[in-house]
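Inspection log for the structure reproduced underneath, given as structure tokens.
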Amino acid sequence: MTDRIALDPLGADIAAESARLRTLGPIVPVELPGGIPAWAPTRYDTLKELILDPRVSRDPRLHWRLWPELGAHPSWAWILGWVGVVNMLSTYGADHARLRRLVAPSFTHRRTEAMRPRVEAVTAELLDALGGDEAVDLKERFAHPLPMRIICELFGVPDALREDTVRLVAAIMDTSDPTPEHAASVQRQIGTVLPALIAHKSAHPGDDMTTELIRVRDEDGDRLSEEELLYTLLLVIGAGFETTVNLIGNAVVALLRRPEQLAAVRSGKIGWDAVVDETLRAHPSIASLPLRFAVDDLTVGDVRIPAGDAIITTYAAAGLDPDHYGPDADTFDATRAADDHLSFGIGVHRCIGAPLARLEALTALPALFDRFPDLRLETGDAGLRQVPSFIAFGWQEIPVRLRG
């Protein structure tokens, strides 16, 4: 039996772990928290080919050989929050296309652009609230509340449910505790928070995405079932703010660590678009996303991936691949042409919320550095701790001093 490399459930050093795996080949047998076997692509070209390969599925019910065995492995229960759901993230072929068609109209370019004034207003409000504070946690006070408020407004999440929604998403992202108890807690929260949102918007419909999805369910239940409604909301709300929190936070930290690049950005020599792309390449909000499955036997280099095996989508490893981005791929460099990164996905599974994430980041970052040109990290790198997850790639806190 092939020896498997156990991934660090805390994601303490994702870049170093990716580099170690890359020395073992283009795709490596790994073990996810709780002992779940999978394959990890380690190179850009390998991941891109697998994402685009129609013989790679995201539906565990149809294509994961071990799906029937989940009940026999209590330590695998945490994965249900990712693959035990029915939405765009866990469907294949016609089912995926149907669900994407139902959600995509809510994320059109027109609707995203219509959010611009609100994003600008919330950004200004949060910066005003920082006010005279000299030392703050920028994640808590800025990077987190901006996308959280925008996505909650977009989906009509009432104030009474917002903190519960934040806790639910954080619990799903936390892979430090792959115990049955943690998994059960996540499932309880899913079964409480989202039905409460659906009930609230059913009673109080509005001009928001939750109301639109409820109408799709009610007008034609064959197109969007109750289960699909629940888990589609889980996906688009969770992905709609947690990933953007990390995008904004990771970009801020990267620039503060490289003052010469920050100066070039502020002088206009480097564009903010380039900063966002390089952040998504070098420090992607999602490092690794579970799971995809081999529909047929696959061959990657000289490695055979049997049909039914699981594959993890390794965005961080792909972005740091020196074969694609050069020998300095592990270095943040906003002058690099990184707009071909895979962090928003590619092909039929490309993130439909990518334009909104970019809008928020491209509003927040220049506004922050214009308001606080002397912004600096309060405690240096020693004060930064990765969130406890091999899935999410971001900081638990970002302590900064607003004025030098």
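Read the figures in this text as sums done on the coordinates, not as results from a lab. Predicted, not measured: the structure shown is a model, and the values here were computed from it. So basically every Cβ, Gly included, is an ideal-geometry build from the backbone, and we count neighbours across all protein chains shown.
Pulled fully out, how much extra length does the chain show between ALA72 and ASP128, if you take 0.36 nm times their separation in residues and subtract their Cα-Cα distance?
14.9 nm
Viscosity 1.306 mPa s, temperature 10 °C: Stokes-Einstein D of the stretch 120-232 from its Kirkwood Cα radius, in µm² per second?
Rounded to a whole number, D works out at 99 µm²/s.
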(message) At 7 Å along Cα-to-Cβ for each site, give me the label-to-label distance between ASP339 and ARG266 in nm.
(response) 2.6 nm
(request) May I ask for the Rg/Rh ratio of the stretch 313-358, computed from Cα atoms with Rh as the Kirkwood radius, given to two decimals? (result) 1.00
(request) State the Kirkwood hydrodynamic radius of the stretch 32-174 in Å, one decimal place, computed from all pairs of distinct Cα atoms. (result) 19.0 Å
(message) Let me check against my output: what whole-number percent is the relative contact order of the stretch 249-404, with C-alpha pairs under 8 Å and at least 6 apart?
(response) 27 percent
(request) Sort the stretch 1-61 into rounded, prolate or oblate with this rule: let a ≥ b ≥ c be the square roots of the eigenvalues of the Cα gyration tensor; rounded if a/c is under 1.5, and if a/c is not under 1.5, prolate when a/b is larger than b/c, oblate otherwise. (result) oblate
(request) Show the residues, 5+ positions off or on another chain, whose built amide H is closer than 5 Å to the amide H of ALA392. (result) ALA287
(message) Helix-only estimate, please: 222 nm mean residue ellipticity of the chain, summing -39500 (n - 2.57) across DSSP H runs of length 4 or more and dividing by its residues, to the nearest 500.
(response) -15000 deg cm²/dmol
(message) Using the Karplus curve 6.51 cos²θ - 1.76 cosθ + 1.60 with θ = phi - 60°, what ³J(HN,Hα) values do you get for each residue of the stretch 154-171, in whole Hz, with x for Gly and Pro?
(response) 4, 9, x, 6, x, 3, 5, 9, 5, 5, 5, 5, 4, 5, 4, 5, 4, 5
(message) Quick check: convex hull over the Cα atoms of the stretch 195-265, volume per residue in Å³, rounded to an integer?
(response) 120 Å³
(request) Return P(r) of the stretch 38-97 (all Cα-Cα pairs; 10 Å bins starting at 0; whole %; ordered from short to long distances). (result) 19, 46, 31, 3
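Two-decimal Rg/Rh of the stretch 278-404 from alpha-carbon positions, Kirkwood Rh? Provide the component values of the computation, followed by the final result.
Numbers: Rg = 17.9 Å, Rh = 17.2 Å.
Radius of gyration relative to Kirkwood radius: 1.04.
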(request) Would you please put 21-28, 33-40, 247-254 in order of how densely packed they are, using the mean number of other Cβ atoms within 10 angstrom per residue and starting with the highest? (result) 247-254, 33-40, 21-28
(request) Grab the Cα-Cα distance for ASP296 and ASP177, subtract it from 0.36 nm times how many residues apart they are, and report the gain in nm with one decimal. (result) 39.6 nm
(request) Compute the distance in nm between two label points, each set 7 Å from the Cα along the Cα-to-Cβ direction, one at VAL303 and one at ASP330. (result) 2.0 nm
(message) If you average the alpha carbon positions of the stretch 235-299 and of the stretch 332-404, how far apart do those two centres end up, in angstrom?
(response) 6 Å
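So, R0 is 35 Å and r is the distance between the beta-carbons of GLU140 and ILE5; what FRET efficiency does that work out to, to 0.05?
With R0 = 35 Å, the Cβ-Cβ based efficiency is 0.50.
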(request) Calculate one ³J(HN,Hα) per residue across the stretch 76-88 by plugging θ = phi - 60° into the Karplus curve 6.51 cos²θ - 1.76 cosθ + 1.60, and present them in order as whole Hz with x for glycine and proline. (result) 8, 4, 4, 5, 4, x, 10, 10, x, 10, 10, 7, 4
(message) Can you give me the distance in nm between label points at ALA170 and ARG215, each placed 7 Å from the Cα along the Cα-to-Cβ direction?
(response) 3.5 nm
(message) Show me the three semi-axes of the equivalent ellipsoid for the chain, from the C-alpha gyration tensor (sqrt of 5 times each eigenvalue), largest first, rounded to whole Å.
(response) 31, 28, 19
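Could you work out the mean projected area of the convex hull around the alpha carbons of the stretch 144-292, in square nanometres to one decimal?
Values: hull surface 45.4 nm².
Orientation-averaged projected area of the Cα hull: 11.4 nm².
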